[in-house]
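Please treat every number below as a calculation from the coordinates, not as lab data. As the structure is a prediction and not an experimental result, all values here were calculated from the model. Note that we place each Cβ from the backbone using ideal geometry, even for glycine, and neighbour counts take in every protein chain shown.
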Amino acid sequence: MRASQYFISTLKEAPSDAEIVSQKLMLRAGFIRKVAAGIYSYLPMGLKVIRKVENIIREEMNRAGALELIMPMVQPAELWDETGRWEKMGPEMLRFKDRHERDFALQPTSEEVVTDIARQELRSYRQLPKNFYQIQTKFRDERRPRFGVMRGREFTMKDAYSFDRDAEAAGRSYDAMYAAYCRIFDRLGLTYRAVAADTGAIGGDRSHEFQVIADTGEDAIIYCPTSDYAANIELAEALPAIAERAAPGRPLEKTPTPGKATCRDVAEFLGVPLATSLKSLVLATDDVDEAGQPAGVTVWLLLIRGDHELNEVKASKVEGLKHGFRFATEAEIDEYFGCKPGYLGPIGLKKPVRIIADRTVANMADFVCGANAEDFHYTGANWGRDLPEPDVVADLRNVVEGDPSPDGKGVLAIQRGIEVGHVFYLGTKYSKSMNATFLDEDGKPKHFEMGCYGIGVTRILGAAIEQNHDARGIIWPDAIAPFRVVICPVGWGKSEAVRAEAEKLYAALVAAGVDVILDDRDERPGVMFADWELIGVPHRVVIGERGLKEGVAEYQGRRDASATRVPIGELFPFVADKLSPA
């Protein structure tokens, strides 16, 4: 490709509403242009990267035995009603009516449609296993689209769905997809971690996220540097920070704490470590009777150590809270505790509540907690002596750096990541709700065991840039760079010798199958270099008249601090040797 024939549209400054590095650089480098909030046009340079990402994904999915199809972006409400997700998906699913007043949605995902295909087409166990995938546009009506392609409303996603006859076979399909994802991200040239994850709204029993490591990542990845343990913050198990409960050493005292309503303020006022205090969080569940009618409210008191944070995903797994909870209203808090928030605690309740203590809290002694009286806290509180043992002890908190690893092989560390892929084992969640069955070997109908597997194709661009950039611009991994090599002739319009050597190298690289661009725009060297550093081409060759007089050209890798002088006669083999396999 010649630059004069291509579309290069770089900007010196990013638009003022660009928020993060990848968004700014993609706009400045001419990869994307904003059409509306969370909706972008992909210019030729950006689309070229997308196609390279897609090709790697497609090759590895095909290698793993998956079969490509395309499902419609517009999907009827009837299918989503079968699983109950028409209402559950919430406003993120963009719904509309056609001219006949029938309800449709723009697909955020395709479990329902693919399950409908399976129940119509896969009739016998002899047709299993099957794995269907698509690389297709998705739409999620984000409340606050931001960060460019990282959290847009319209995006490209690879989603795959496996169908098996039993759980054991489904596990093999899951493992095959997990291995395929590792190969994909290895080939993309990204530094990543596969971490155990919560299954979330999609549901299921087994789940891993693929996280690209980046300091600007939204997600916290928990891992053990001395073992293979890795999980996201929602799932990472928090072992008790206190191995066992000590015997009471202080008397219970109701202590004045005027105006001190937070654990930190109370600890500072009393001159005690924050880790000796309890944080009280009041939840409520709305009960219903057998007929589905309202049957009152159950109030729950969750207790976390003062220096820890509640993990709501973990709380949602506690028996009694699994079907949904909310934070209690001020009226409910007053009814059960007789006090306003800030001074709440498990001692001296006005009405009984269900008490759930975090594992660490259950092992605490001589702790500080609210006295259910404004401007007062208890000090020296102890389980068993001053209040009953908790109704439930559970893992309720986020892990913190230095916590013991659940596998017993070290302590936990935390790094930031950007989720770009996710694999789920769904079981029969969708096949049962949609009555998707096949005839098993015994001639009886059986529900499919399913898995689903997603990769955010366009999100990979943003994640790759967040991981690979410097003050000059993007640094693409070789495999997904828009061009692997750029040839920059200095004095293109003035020197026949420069043109001849540039054309010679260009032809040799093209013949070798290298994705190369020759910058024949006759721009000043500073303009050329700034453009290609911003765009992020991994390998640059500069050919100039001065160098030719000395019989050399210059090669510089995008990460190199300086250029390397290369004899003209050795230029092609030198560059070919520098090109890592794509």
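Could you tell me the distance between the Cα centroids of segment 35-87 and segment 437-501, to the nearest Å? If you average the Cα positions of each part, the centres end up 15 Å apart.
Going by a ≥ b ≥ c, the root eigenvalues of the Cα gyration tensor, does the chain fall in the rounded group (a/c under 1.5), the prolate group (a/b larger than b/c) or the oblate group? Verdict is prolate for the chain.
Highest mean packing comes first when the peptides 12-19, 511-518 are listed by Cβ atoms within 10 Å, giving 511-518, 12-19.
Here the gap between E121 and L11, fully extended at 0.36 nm per residue and compared with their Cα-Cα distance, gives a gain of 34.5 nm. Length gained on full extension, A471 to V400, computed as 0.36 nm times the residue gap minus the Cα-Cα distance: 22.3 nm. Cβ-Cβ distance of K444 and K88, R₀ of 30 Å, FRET efficiency by 1/(1 + (r/R0)^6): the value works out to about 0.45.
For K504, the aspartates and glutamates whose Cα falls under 16 Å of its own Cα, not counting residues fewer than eight places away in the same chain, are E496, D515, D519, D520, E545, E554, E570. Here, segment 253-394 yields an orientationally averaged convex hull projection of 8.1 nm² when only Cα atoms define the hull. Against the chain, whose longest principal axis is taken from its Cα atoms, helix 496-511 shows a tilt of about 60°. In degrees, nearest 10, range 0 to 90: what is the angle between the Cα axis of helix 167-188 and the longest Cα principal axis of the chain? Result, in degrees: 50.
Taking the C-alpha atoms only, the angle from helix 457-467 to the longest principal axis of the chain is near 90 degrees. Of the GluC sites (Glu not before Pro) found in segment 128-168, those in coil by DSSP whose Cβ has at most 16 other Cβ atoms within 10 Å are E142.
Here is the list for segment 39-146: trypsin sites (Lys or Arg not before Pro) lying in DSSP coil, each with at most 11 other C-beta atoms within 10 angstrom of its C-beta, are R99, R102, R143.
Test of the criteria: in segment 266-374, which GluC sites (Glu not before Pro) are in a DSSP loop and have at most 16 other Cβ atoms within 10 angstrom of their Cβ?
Working: sites: E268, E290, E309, E312, E319, E330, E332, E335, E374; in loops: E290, E309, E319, E374.
Passing sites in segment 266-374 are E290, E309, E319, E374.
Going by the alpha-carbon gyration tensor, a ≥ b ≥ c the square roots of its eigenvalues, is segment 1-159 rounded (a/c under 1.5) or, if a/c is not under 1.5, prolate (a/b greater than b/c) versus oblate? Oblate shape, in that a/c is at least 1.5 and b/c is the bigger or equal ratio. Dipole of the chain computed with +1 at Lys/Arg Cβ and -1 at Asp/Glu Cβ about the Cα centre; of L69, Q211, S9, farthest Cα towards the positive end is S9. In this structure the amide hydrogen of F376, modeled in the peptide plane, comes within under 5 Å of the amide hydrogens of T257, A371, none closer than 5 places in sequence on its chain. Counted residue by residue at 0.36 nm each, then reduced by the alpha carbon distance between them, the extension gain from T262 to C182 reaches 24.3 nm. Over the chain, dividing the summed -39,500 (n - 2.57) contributions of all DSSP H runs of at least 4 residues by the number of residues returns a 222 nm mean residue ellipticity of -7500 deg cm²/dmol. Take each peptide in 252-260, 456-464, 432-440, count the other Cβ atoms within 10 Å of every residue, and average; sorted highest first, the result is 456-464, 432-440, 252-260. Under the criterion of Cα pairs below 8 Å and six or more residues apart, the relative contact order for the chain equals 17 percent. Identify all aspartates and glutamates with a Cα-Cα distance to K340 below 12 Å; exclude those on the same chain that are fewer than 8 residues away in sequence. Reachable aspartates and glutamates: E330, E332, E374, D375.
Explain nothing, just the number: relative contact order of segment 483-578, from Cα pairs under 8 Å at least 6 residues apart, as a whole percent. The partial results should precede the final answer.
On the way: 151 pairs, mean separation 29.8, N = 96.
Result for segment 483-578 is 31 percent.
Placing a label point 7 Å from the Cα of H100 along the Cα-to-Cβ direction, the residues of segment 61-88 with a backbone N closer than 15 Å are 75-79.
Using the Cβ-Cβ distance between R524 and R144 with R0 set to 35 Å, the FRET efficiency from 1/(1 + (r/R0)^6) comes to roughly 0.25. Take every pair of alpha-carbon atoms less than 8 Å apart whose residues are at least six positions apart; their mean separation over the length of segment 253-394 yields a relative contact order of 28 percent.
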